[in-house]
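Note sheet for the following structure.
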Amino acid sequence: MNEFSSYSCVLLLVVLGFSAGSCYGFQTFGFDMHHRYSDPVKEILPVNELPVKGSPEYYSAMVHRDKIIKGRRLATANDQTPVTFFGGNETYQLDFLGFLHYANVSVGTPALSFLVALDTGSDLFWLPCDCTSCVKGIRIADNQLLEFNIYSPNTSTTSSKVSCNSAMCKQQNKCSSPQSDCPYQVLYLSNGTSSTGILVEDVLHLTTDDVKTKAIEANITFGCGQIQTGFDGAAPNGLFGLGMDNISVPSILAKKNIASNSFSMCFGNDGVGRITFGDSGSSDQGETPFNLRQSHPTYNVSITQINVGGNAENLDFNAIFDSGTSFTYLNDPAYTLISESFNNLAIEKRHMSNSSDLPFEYCYDLSANQTSFQFPVVNLTMKGGDPFFVTEPIVVVSSRRGNVYCLAVVKSDNVNIIGQNFMTGYRIVFDREKMVLGWKASNCYDIETSNTLPVEPPMAVPPATAVDPEATAGNGQNSDFPGGSPPLSNQSPRMKTLSFALTIAVIPFFALI
């Protein structure tokens, strides 16, 4: 999400072990991402209570979160080894707190593990630290308490505080002297949402992302967040900023020659994903340049054409690729163009509701026993001409009154954001050396040279997935389409078929403490 945007978040606690080591030259580092409903997550956190996954309340909660808080041996610069977090390069999408991708990171000596939200729209990495106001844990089903680790500079032997005379200190005007502790404050778009504290330096535990793993201790600067406000259910155990500013971890790793100045995030259809530092993508990926005209640089790109159902319309507008936003948000004229074009081609009758139970404007009724339907194919063309095929433009919503499917795009009043739903099925490369965004279709499993995952990719498509399994990358069928997945050859280029099973998964309610 944008640094001045809102945040939603998720939780998974994993115990990690660490060992010291060193490395030389560029490396890449990665870690895995999991969906709330993936098997590894289910084994750790219970699943019960409402709202039902796929219900109107389910998707309303996702949009509400957005609005409130708004592989192995991958390609790298100089052919260097990728690096990842010590616990591995998996990341997790946990829907019950906010539908974002999270990762376990370990910091300090002795090492403590933190479950942090991954956010390409902000810069500073901060952790709850000697808190006077922060979330200490959550209560889950059966009133069980999961306590968060809270960082303290006083308990880590490798910690040091950043002084006001450091080049990393951005708020020197608030310092009482050059030797005093450097303060920080990050204010987010949502009223009253902020993180305040001091900057510290400590060890971030990493490892090379190859067969012969080597432990790496990277000295980084991050926020010791003493006061968090407005983060009720949002990034309760820290936030990992991945932006372009020199305070972000990718920038620090590049400056220290630990990893090249590029990283990738893969968003799998099953919620399992990966993030890898030092990954600069591949020669056959799609690419488009970043727009750096803003005073606060973001991963902003230009879209030059919207194609819905084979009908292309030229429309030049900018949008931010933001991993901290669940859905895609567009303002006019882009929103009206994509939604009305989609509506003109939709086969099912448009859902008419007098209530505000659905967060999406364009939804369509499915009959009681209907298990498949066709919907218009949505494609984007980026500046430079490379296509970006959207694999999941829709969601299926279940309710007592019947099932509907919706175009999962929300009308925005200001900034255009390409959210996680449009990035699903892709390995997105944020190349800050070439200043380009790259993308290549991927199931997030095919980037591994060996199967180290706890579960295999699922064979079934869940109800909220708008992707045919055959269209997923990694099956060798898309070599003629660098940069994305084309419509299937046995389907109309105007429409795409979705078959789905009416299975039910539920989301637990959690109490923050």
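The values are calculated or read from the model by the stated rules, or taken from the named source; none is laboratory data. Here the structure is a predicted model, which means the values were calculated and not measured. Cβ: placed from backbone, ideal geometry, glycine included. Neighbour counts: every protein chain shown. These accessible areas exclude ligands, DNA and RNA; they are computed on the full protein's heavy atoms, side chains included. Shrake-Rupley method; radii C 1.70, N 1.55, O 1.52, S 1.80 Å.
Taking the protein heavy atoms of the stretch 286-441 in the context of the full set of protein chains, the accessible area attributed to carbon and sulfur is 44 percent at 1.4 Å.
Output the relative contact order of the stretch 286-441, whole-number percent, from Cα pairs under 8 angstrom with separation of 6+ residues. Please list the in-between numbers first.
Numbers: 319 pairs, mean separation 51.9, N = 156.
The normalised contact order for the stretch 286-441 reaches 33 percent.
In this simple spin-label approximation, residue 246 and residue 283 carry label points 7 Å from Cα along the Cα→Cβ vector, and these lie 3.5 nm apart.
Can you work out the FRET efficiency for the pair residue 340 and residue 139, with r the C-beta to C-beta distance and R0 = 41 Å, to the nearest 0.05?
Step by step, r from the Cβ atoms, then E = 0.35.
The mean accessible area for residues of the stretch 156-292, using a 1.4 Å probe and ignoring ligands and nucleic acids, is 35 Å² per residue. For residue 109, the accessible surface of its heavy atoms amounts to roughly 50 Å² (probe 1.4 Å, protein chains only, rounded to the nearest 10). With both labels modelled 7 Å from their Cα along Cα-to-Cβ, the residue 130 to residue 155 distance reads 1.3 nm. With 0.36 nm allotted per residue and the present C-alpha distance subtracted, the residue 433-residue 367 stretch has 18.7 nm of extension available. Compute the separation of the alpha-carbon centres of the stretch 339-410 and the stretch 118-183 and state it in Å as a whole number. The two parts, judged by their Cα centres, are 41 Å apart. Estimated at the nearest 10 Å², the accessible area of residue 440 is 70 Å² with a 1.4 Å probe.
Considering the zone a paramagnetic label at residue 174 would reach in this model (a point 7 Å from Cα along the Cα-to-Cβ line), which residues of the stretch 191-208 have amide N under 14 Å from it? Taking a point 7 Å out along Cα→Cβ of residue 174, the residues of the stretch 191-208 whose backbone N falls under 14 Å are 193-200.
Mind checking the stretch 320-409 for trypsin sites (Lys or Arg not before Pro) that DSSP puts in a loop (not H, G, I, E or B) and that have at most 13 other Cβ atoms within 10 Å?
Sparse-neighbourhood loop trypsin sites (Lys or Arg not before Pro): 349, 400, 401.
Legend: distances between Cα atoms for 136/161; 349/411; 349/383; 212/256; 256/434; pairs beyond 25 Å are 349/383. Share of carbon and sulfur in the accessible area of the stretch 136-216 stands at 46%, probe radius 1.4 Å. Given 347, 309, 403, which one lies farthest toward the positive end of the charge dipole of the stretch 286-441, if we put +1 on the Cβ of every Lys and Arg and -1 on the Cβ of every Asp and Glu? Ranked along the dipole, the leading option is 403. Return the FRET efficiency for the residue pair residue 497, residue 400: r is the Cβ-Cβ distance, R0 is 22 Å, and the value is rounded to the nearest 0.05. With R0 = 22 Å, the Cβ-Cβ based efficiency is 0.25. Heavy-atom accessible surface of residue 296, to the nearest 10 Å², is about 50 Å², with a 1.4 Å probe and all protein chains retained.
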